[in-house]
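Here is the structure we will look at, set down as structure tokens.
The values are calculated or read from the model by the stated rules, or taken from the named source; none is laboratory data. Because the structure is predicted, anything quoted here is derived from the model rather than measured. Note that we place each Cβ from the backbone using ideal geometry, even for glycine, and neighbour counts take in every protein chain shown. These accessible areas exclude ligands, DNA and RNA; they are computed on the full protein's heavy atoms, side chains included. Shrake-Rupley method; radii C 1.70, N 1.55, O 1.52, S 1.80 Å.
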Amino acid sequence: MAISNLRKDDERCADIVSQFLDVNFYKKYTKYFDRITDKERQVKGIDTTFMIDDKTYICDEKAAIRYINKGLNTFSLELSFIGRYDDLRDGWLIDEKHINNSFLFVWIDKSKTDMLESVSDVQQLEIALVDRRKILKYLESIGWSKENMISKSQKMRENDDEYGGNLRKHGCKFVCSKHLVEQPVNVLMSRDKLKEISDLTLNWSL
């Protein structure tokens, strides 16, 4: 029951963030904006489609809704997780079934509440629109091809003492969250690095 309620809270907060973005970002800064509502496309990593300049974005929104008011300086990009049948699955960063070409990373730096109840709660929010290929290209440039990340993910699962890397040196490191139901292995990337390789960043202080 607790897990179910937490998921409902997450979904409500994510919906509120989407409402904020619809008004303050998509309608003001993009063309041909469409929010995707059918589950078939959503499970393929498509939340929105739009254009900026002459580039078409097929975008997966990722909001750090569990870190509201926390001053989060990173974002967790999923490499693998345990499915409902105890099967190991590729995470959304590398899963080839996900056909989005970009991510919209969202940090809610200041809110009236730690768990959003309405759009009016949002007081400070920052986004980074990042091309998926740029993330993978950057990771590969520092030695983390898809194959290497899959291998590293397995090592993180098998060995609690496996070295995760230096966030300050490369702007990323690997973490395994075994305390969570899905036990995800993520590559944790710094907010500054994501902004550096982004196509666009925006910050709202209301």
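At a probe radius of 1.4 angstrom, the accessible area of the chain per residue rounds to 56 square angstrom.
As a length-normalised measure over Cα pairs under 8 Å and 6 or more apart, the relative contact order of the range 1-127 settles at 25 percent. Compared with the dominant principal axis of the Cα atoms in the chain, helix 2-21 is inclined by about 50°. Pairs exceeding 29 Å between alpha-carbon atoms, taken from K27/K110; K70/K193; K55/K169; K39/K173; K44/K195: K55/K169; K39/K173. Restricting the trypsin sites (Lys or Arg not before Pro) of the range 85-188 to loop positions (DSSP other than H, G, I, E, B) with no more than 15 neighbouring Cβ atoms within 10 Å leaves K97, K112, K178. The residues neighbouring K97, those whose beta-carbon lies less than 11 Å from its own, together hold a net charge of -1 under the Lys/Arg +1, Asp/Glu -1 convention. When only DSSP loop residues count, what GluC sites (Glu not before Pro) in the range 14-113 have their Cβ near at most 11 other Cβ atoms within 10 Å? Of the GluC sites (Glu not before Pro), the ones in loops of the range 14-113 whose Cβ has at most 11 other Cβ atoms within 10 Å are E96. Of the chymotrypsin sites (Phe, Trp or Tyr not before Pro) in the range 134-206, the ones in a loop by DSSP (not H, G, I, E or B) with at most 12 other beta carbons within 10 Å are Y163. Per-residue ellipticity at 222 nm computed for the chain from its helices equals -8000 deg cm²/dmol, with DSSP H segments shorter than 4 residues left out and the rest contributing -39,500 (n - 2.57).
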